[in-house]
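What follows is a short report on a single structure.
Taken together, the values in this text are just the output of simple stated rules run on the coordinates, not laboratory data. Bear in mind that the values here come from a model prediction, so they are computed numbers and not experimental data. Positions of Cβ are generated from backbone atoms using ideal geometry, with glycine treated the same way; all protein chains shown enter the neighbour counts.
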Amino acid sequence: MAKLFRAAIMGPPGSGKGTISQRIAESFGLKYLSSGHYLRDSIAANTEAGMIVRPYVDRGMLVPDHVMTRLMLPRLEQLNGHSWLLDGFPRTVAQAQALNSLYHIDMVISLNIPYATLSERLSDRWIHPASGRVYNMGFNPPQVQGKDDITGEPLIQHDDDKPEALMARLRHYKDVAKPVIDLYKSQGVLHSFSGTDTDKIWPYINSLLSTKMQMQPSEAHQTQ
Ligand code: G5P
């Protein structure tokens with residue numbers, strides 16, 4: 001049987017994980033699982049999981065590891081037999097160890113984006129609170145200013161995208177991510193990309209994945 005390809009993408013808030021993940025999923029036919037989307041969908045649908053995680057997500061705090069692994073690992077089980085890309089999970093060493101105990105990870109992409117760029121992007125970020133849809137007034141603006149494209153409802157800005165809170169979130173990201181990055185580096189699967197512009201970073205990631213997935217020709221060009 002052809003080998004499956006399993007990857008994860010890491011980066012601070014606003015680094016473009018979601019944007020790049022969507023491009024990877026579309027270009028390479030990987031199943032895509034975003035922890036942030038999953039949590040926001042659960043919150044919007046008022047599920048039991050949503051009610052548990054809401055206080056953390058609303059404050060921009062990490063959901064505790066035991067909750068996160070209990071939510072994410074069963075979702076991955078549903079993707080058995082598929083190649084996949086994880087966005088936003090694992091975020092801590094405990095999560096990485098839980099994942100490693102079940103799966104071999106072939107590649108981890110780490111995005112290094114300067115603080116000033118993150119700050120600028122996130123202060124320009126507007127959200128449709130009910131669905132979690134994200135807009136950026138410069139990069140992907142809504143069709144009508146201040147309104148969600150699908151429902152027409154008003155968009156809001158999160159308190160934790162404001163500069164003081166953002167600085168604290170980024171510092172926290174660095175502390176928590178460093179040992180995860182070191183772990184994947186020691187396993188020889190880490191690839192880091194630096195820059196200020198997603199469109200400039202993307203061709204390098206695209207080319208790396210094209211090479212790696214040719215070496216593991218499983219579902220590389222299968223569409224979802
Ligand atoms: P998330 O959803 O993982 P964050 O905060 O890490 O949340 P976020 O904010 O969703 O990540 P991103 O995915 O890295 O950012 O970036 P993005 O959405 O693609 O891009 C950010 C903005 O910049 C967008 O508006 C985009 O259009 C724009 N943009 C992208 N590229 C460019 C560019 O080149 N130029 C310009 N001008 N703009 C650009 O997690 C949310 C919460 O869930 C919990 C936590 O509470 C977390 O805060 N959570 C977890 N908790 C514990 N463990 C986990 N594993 C968890 N996962 C999630």
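Considering only DSSP beta bridges with both partners in the chain, what is the antiparallel share in %, to the nearest 5?
Values: 7 of 24 bridges.
For the chain, the DSSP antiparallel bridge percentage is about 30.
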Show me, for the range 72-88, the HN-Hα J-couplings you get by feeding each phi into the Karplus relation (A = 6.51, B = -1.76, C = 1.60, θ = phi - 60°), rounded to Hz, glycine and proline as x. 7, 5, x, 5, 5, 4, 5, 9, 3, x, 10, 7, 9, 10, 9, 10, x
Alpha carbon centre of the range 32-69 versus the range 72-93: separation in Å? 15 Å
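How do the peptides 30-42, 7-19 rank, highest first, by the average count of neighbouring beta carbon atoms within 10 Å per residue? Intermediate values should be presented prior to the final figure.
Numbers: 30-42: 19.8, 7-19: 22.7.
The most tightly packed comes first, giving 7-19, 30-42.
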Most exposed first by the Cβ proxy, i.e. fewest other Cβ within 10 Å, how do ILE52, ILE156 rank? ILE156, ILE52
Nearest 10 degrees, 0 to 90: what angle lies between the long axis of helix 163-186 and the longest principal axis of the chain (Cα atoms)? 0 degrees
So what's the convex hull volume per residue for the Cα atoms of the range 1-148, in Å³? 125 Å³
Taking the chain as a Gaussian network, Cα atoms linked when under 10 Å apart, which of ASP106, ASP182, ASP87 shows the biggest mean-square fluctuation? ASP182
If one builds a Gaussian network model of the chain from Cα atoms under 10 Å apart, the most fluctuating residue listed among SER207, SER123, SER110 is SER207
What aspartates and glutamates sit close enough to LYS162 to cross-link, taking a C-alpha to C-alpha distance under 13 Å and skipping anything fewer than 8 places away on the same chain? GLU120, ASP124
Net charge of Cβ neighbours under 13 Å - reference VAL176; Lys, Arg +1; Asp, Glu -1: +2
Go through the range 57-62 residue by residue and turn each phi into a ³J(HN,Hα) via Karplus (6.51, -1.76, 1.60, θ = phi - 60°); whole Hz please, and just put x for glycine and proline. 5, 4, 9, x, 9, 6
Enumerate the aspartates and glutamates that LYS17 could reach by cross-link, defined here as Cα to Cα under 13 Å, with residues fewer than 8 away along the same chain left out. ASP87, ASP197, ASP199
